Amino acid sequence: MSWLRGGGERGVGTDANSNATSGVFWFFGPDNWELMLKIINACGVLNNKYWAFSAATTDVHYELVITDVRAGVTKRYFNYLGISAPAVTDTDAFATCP
């Protein structure tokens, strides 16, 4: 995860608390969380895929990159500077169920 804010300041999102299926990230300080991410294993359920959900509380430009390390498939999600970040609800994120 990377971010960019007005004036050209750039950085990398820092993991505040994560495990294999979810995480919380901060940009400017550990007590100011910016984005929550979770991956749901829906293999064998409905569309037989892994789902990606995120919610951000920022209007900072960011790029969130998620990689399925088993298949080497990458998904990218963006928010643009000055726009309130929308939720990501991608139920087609990875069609890489075993």
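The values are calculated or read from the model by the stated rules, or taken from the named source; none is laboratory data. Nothing here was measured: the structure is a model prediction, and the numbers come from that model. We place every Cβ from the backbone using ideal geometry, glycine too, and count neighbours over all the protein chains shown. Surface accessibility is based on the protein's heavy atoms, side chains included, excluding ligands, DNA and RNA. Shrake-Rupley method; radii C 1.70, N 1.55, O 1.52, S 1.80 Å.
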Checklist outcome for this item: When (1) open to solvent by 60 Å² or more (accessible area, probe 1.4 Å); (2) of a type in the set (Gly, Ala, Ser); (3) part of a strand (DSSP E or B) are applied to Ala52, the one that fails is (1)
Checklist entry - Which of (1) at pLDDT 95 or above; (2) among the polar types (S, T, N, Q); (3) open to solvent by 50 Å² or more (accessible area, probe 1.4 Å) does Asn79 not meet, given it meets every other one? => result (3)
Next on the checklist: Given the condition in contact with a Ser or Thr (Cβ under 8 Å, 6 or more places away or on another chain) and part of a loop (DSSP other than H, G, I, E, B), answer yes or no: does some residue in the stretch 1-13 qualify?
Outcome noted: yes
Checklist entry - Which residue pairs have Cβ atoms under 6 Å apart, sit 6 or more places apart or on different chains, and have a first residue in the stretch 15-41 that is open to solvent by 60 Å² or more (accessible area, probe 1.4 Å) and acidic (Asp, Glu) and a second that is at pLDDT 95 or above and not in a strand (DSSP E or B)? => result none
Next on the checklist: Among the numbered criteria (1) modelled with pLDDT under 95; (2) not in a loop (DSSP other than H, G, I, E, B), which one does Leu46 miss?
Outcome noted: (2)
Item to check | Flag if Ala85 is under 11 Å from the mean Cα position of the chain (by Cα) and at pLDDT 95 or above | outcome: no
Checklist outcome for this item: How many residues of the stretch 59-69 are closer than 15 Å to Tyr80 by Cβ and buried (at least 19 other Cβ atoms within 10 Å of the Cβ)? The answer is 3
